[in-house]
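The values are calculated or read from the model by the stated rules, or taken from the named source; none is laboratory data. Small disclaimer: the values here were computed from a predicted structure and weren't measured. FYI the Cβ positions are ideal-geometry reconstructions off the backbone, even for glycines, and counts take in every protein chain you see. Note: accessible area is taken over every heavy atom of the protein model, side chains too, but ligands, DNA and RNA are not part of it. Shrake-Rupley method; radii C 1.70, N 1.55, O 1.52, S 1.80 Å.
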Amino acid sequence: MIVLRAEDVWKRYDDTIVLRGVSLNLKKGETKVIMGPSGAGKTTFLKCLNLLVKPDKGRIWIDGEEITSPKADITRLRQKIGFVFQELNLFHHLTAIGNVMIGLTKVKGMSKSDALKKAKETLKRVHIEEELWRKYPAQLSGGQKQRVAIARALAMDPIVMLYDEPTSALDPGLSSEVLLVIKELSERGITSLIVTHELGFAYEVADEIVVMNRGRIIGGGSPEELRNAKNDEVRNLLNKWNGLKDGVLV
Amino acid sequence: MEFWSEYLSSLLMGFLTTSELVAISAPLGIILGIALGASRVYGGIILGSFARGFSALFRGFPLIVTLFLVFFGLPEIGIYLPPVTSAILSFSLCSGAYISEYVRGAIMSIDQGQSLAAKAIGMTKLQEVLYIILPQAIRRAIYGISNEIVYMIQYSSLAFAIGVQEMYSVARTYNSLYFKSLEIFSLLAVIYLVLTALTTLFFKGLIRKLEIPSKAE
Ligand SMILES: Nc1ncnc2c1ncn2[C@@H]1O[C@H](COP(=O)(O)OP(=O)(O)OP(=O)(O)O)[C@@H](O)[C@H]1O
Ligand SMILES: [Mg+2]
């Protein structure tokens, strides 16, 4: 069953065409990784999927409903997509648990006590322990912030989680705790679309890796298939990333 | 002796009137300022232009002109407001116009990521503004707002011009009767000073209460 479907998505900013007809399907329970050099259009594509950026052309379906349709209920459909941003943008004025609760109470209309219970469960799922629940974002480490951001998205019970380079704003030492959480969620069947530069992580977690360059998907396949990629452009990119991450790719 | 007891009791009445003017105008001005500031950013063409025009207007001429327009001008179109009400209305309009500047600036300074994150969890624009942007923007604007309320204490003395018996008008009256300018106005100055200090203290407390903790506690 396809839970997320993008068809021929185009986006231009002024005179740069950032997306040139990107199509992608995501099946229930699947984990896909998007890789690509800086400026390839990865962030723009993810933001198109929940209409944070409005595509110029192309159609997108979430759970069978077209979000790009003029009569789509965008705020309702967005709740079905959990989004974790490249920048660490927790709500600064709310505690960790407040960040998770606000969508539940204000958007989903849950009671305070139900929301509190759900927020606690979700924070535990991302390994944020009780002593951190009442801390404000400025009091948390980057890795903790990003895990709270994952919890904030996850608590809304989305049918798919999108992660946009969730570790690129973190100190290297703090990446692993975030990647571990994403991997756990993916292994427990949370449908995930992950943009990352961490090739080793991509090989570990992905059912399929999609390679993007200059606004196009230029190749892809299972980690196994990619290791033996014939496409020169894909090979070159992989070798470049591989150079950054010693010993991952043979 | 007679003079002092009379002056002090009249001044007390004036003090209460001044306090009433400020205590009512300040919250009204703050609410108006927040509404105008938010409208200027999010109001679209119609509401936005209205809010921009409104705040440009009331920052564009002296408060005393507003006072006269409200108290002497409105009756010509059949609206009669008592002096105290006229003063409260004028002060609220004026402070609202200035406060909207601080609020607008504060809203603009909130980083785009906050808005994107609010949208991503399915908030409507209104929810985003009410629950995410304004709580942060008001915290940033509060220094400006507190200054504005301190100014309001000072300019509340202008209400004498439309016959409100506030502190300054009491002092003026006694001065014209007794010519003890130094005593009369020194005492007045001290009371304004205390009022200003108390207000500043109040806002300091509020700011501390609203402060978002950072770093380890
Ligand atoms: N709001 C915008 N206005 C103008 N140009 C933009 C805007 N957002 C992105 N771009 C441009 O679109 C291109 C793709 O940007 P995007 O952020 O999608 O790339 P990316 O693949 O996510 O890169 P990175 O790995 O650095 O995050 C870049 O050239 C960028 O400068
Ligand atoms: Mg990006």
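Which of the helices in chain B, when you take each full DSSP H run, stretch at least 24 Å along the axis at their Cα atoms and have an average Kyte-Doolittle score of 1.0 or higher? Correct list, ordered by number: B:2-42, B:181-210. Straight-line cross-link partners of A:Lys145 among the lysines, defined as a Cα under 19 Å from its Cα and at least 8 positions apart when in the same chain: A:Lys118, A:Lys120, A:Lys124, A:Lys135, A:Lys183, B:Lys119, B:Lys215.
Taken over region A:92-157, the convex hull of the Cα atoms encloses 71 Å³ per residue.
Take peptide A:99-111, look around each residue's Cβ out to 10 angstrom, count Cβ atoms belonging to other protein chains, and average those counts.
Values: counts 2, 1, 0, 6, 8, 1, 1, 10, 7, 2, 0, 0, 0.
Whole-number average of other-chain Cβ neighbours for A:99-111 is 3.
One way to sum up the overall shape of region A:119-158 is the equivalent ellipsoid from its Cα gyration tensor, whose semi-axes run 16, 11, 8 Å, largest first.
The residues of chain A present an accessible area of 44 Å² per residue when probed at 1.4 Å with all protein chains retained.
For B:Phe3 and B:Ile64, the FRET efficiency from 1/(1 + (r/R0)^6), where r spans their Cβ atoms and R0 equals 35 Å, is about 0.70.
Please find the FRET efficiency linking A:Ser141 to B:Leu47, where r is the Cβ-Cβ separation and R0 is fixed at 30 Å, and quote it to the nearest 0.05. Spell out each step's value before the answer.
Numbers: r = 42 Å, r/R0 = 1.40.
With a Förster radius of 30 Å, E is 0.10.
Between A and B, buried accessible area summed over both sides at probe 1.4 Å, in Å² to the nearest 100? Each step should come with its number before you reach the end.
On the way: alone 11970 and 12030 Å², together 21910 Å².
In total, this chain pair buries about 2100 Å².
Taking the protein heavy atoms of the protein assembly as shown in the context of the full set of protein chains, the accessible area attributed to carbon and sulfur is 59 percent at 1.4 Å. For chain B, the solvent-accessible area of protein heavy atoms averages 51 Å² per residue (probe radius 1.4 Å; ligands and nucleic acids excluded). Sparse packing (at most 15 other Cβ atoms within 10 Å of the Cβ) combined with a DSSP loop state is found for the following chymotrypsin sites (Phe, Trp or Tyr not before Pro) in region B:39-109: B:Tyr80.
When the P(r) of chain A is calculated, the portion above 30 Å amounts to 26% of the C-alpha pairs.
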